[in-house]
1. Before I look further, what does the stretch 39-89 give for accessible area per residue, probe 1.4 Å, in whole square angstrom?
2. Run through the stretch 1-88 and list the trypsin sites (Lys or Arg not before Pro) located in a DSSP loop whose Cβ has at most 13 other Cβ atoms within 10 Å.
3. If you filter the stretch 14-90 for chymotrypsin sites (Phe, Trp or Tyr not before Pro), then keep DSSP loop positions with at most 12 other Cβ within 10 Å, what is left?
4. So, in Å, what gap is there between the alpha-carbon centers of the stretch 109-131 and the stretch 147-167?
5. I need two numbers for the chain: Rg to one decimal and Dmax as a whole number, Cα atoms only, in Å.
6. Rg and Dmax of the stretch 80-153, using alpha carbons, in Å: what are they?
7. What value, in deg cm²/dmol to 500, does the helix sum -39500 (n - 2.57) over DSSP H runs of n ≥ 4 give at 222 nm once divided by the residues of the chain?
8. How high is the relative contact order of the stretch 1-102, in percent, with contacts defined as C-alpha pairs under 8 Å that are six or more residues apart?
Amino acid sequence: MIDAGYVRMMARYNAWQNRQLTELLAEMSDKDLRKDRGAFFGSIMATLNHLLWGDTLWMSRFEPRIDPPSVDPSEHTTFTPTFAVWSAERFRLDGGIRMWADTLRTLDLKGDVTWYSAALDQSFVKKRDLCVAQMFNHQTHHRGQVHAMMTAVGVKAPVSDVVLMPEDE
């Protein structure tokens, strides 16, 4: 399905996208970041928190050195209290994703991931490569929602085409 090269590229892409978002969103007020804009999670901040929470959860399943989210699933949209804390946690996790990806071998993507979802009260066993692809797909999906909210209010949104990612990212 996917190989280690794909994972490394997507880890770089994720960090690049989040750096661009952080720089652009830092100019917005807390009120504007938290304003309900009719998106699935309501606001830009809630969507960013959901994404960070989800990435943290997925990575805790792939990399034992990364702890699962410290809050209950019902609090995923309020995972961090401020944009500054979100920015710091996002930077830290993106570094963890990059380090994990840089040491990954294609063989490491074989096998299954087993977990219990408290939110769904259900156990899962899924192919590891599918779960890794899901994490990156989930990131892209929700960053697209943030992008749409940014452009709707006239805030410049980042370049998001993976083919335009600088080679040194």
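The values are calculated or read from the model by the stated rules, or taken from the named source; none is laboratory data. Remember, it's a predicted structure, so these values are computed and weren't measured experimentally. Heads up, the Cβs are rebuilt from the backbone with ideal geometry, glycines too, and the neighbour counts pull from every protein chain shown. Protein only, heavy atoms only, side chains kept; ligands, DNA and RNA dropped before computing areas. Shrake-Rupley method; radii C 1.70, N 1.55, O 1.52, S 1.80 Å.
1. 43 Å²
2. Values: sites: R8, R12, R19, K31, R34, K35, R37, R61, R65; in loops: K35, R37, R65.
Answer in residue order: R65.
3. Working: sites: W16, F40, F41, W53, W58, F62, F79, F83, W86; in loops: F40, F41, F79.
Those that pass, being in a loop and sparsely packed, are F40.
4. When both Cα centres are located, 31 Å separates them.
5. 15.9, 46
6. Every Cα atom of the stretch 80-153 included, Rg and Dmax give 15.6, 45 Å.
7. On the way: 5 runs with 92 residues, N = 169.
Mean residue ellipticity, 222 nm, calculated: -18500 deg cm²/dmol.
8. 34 percent
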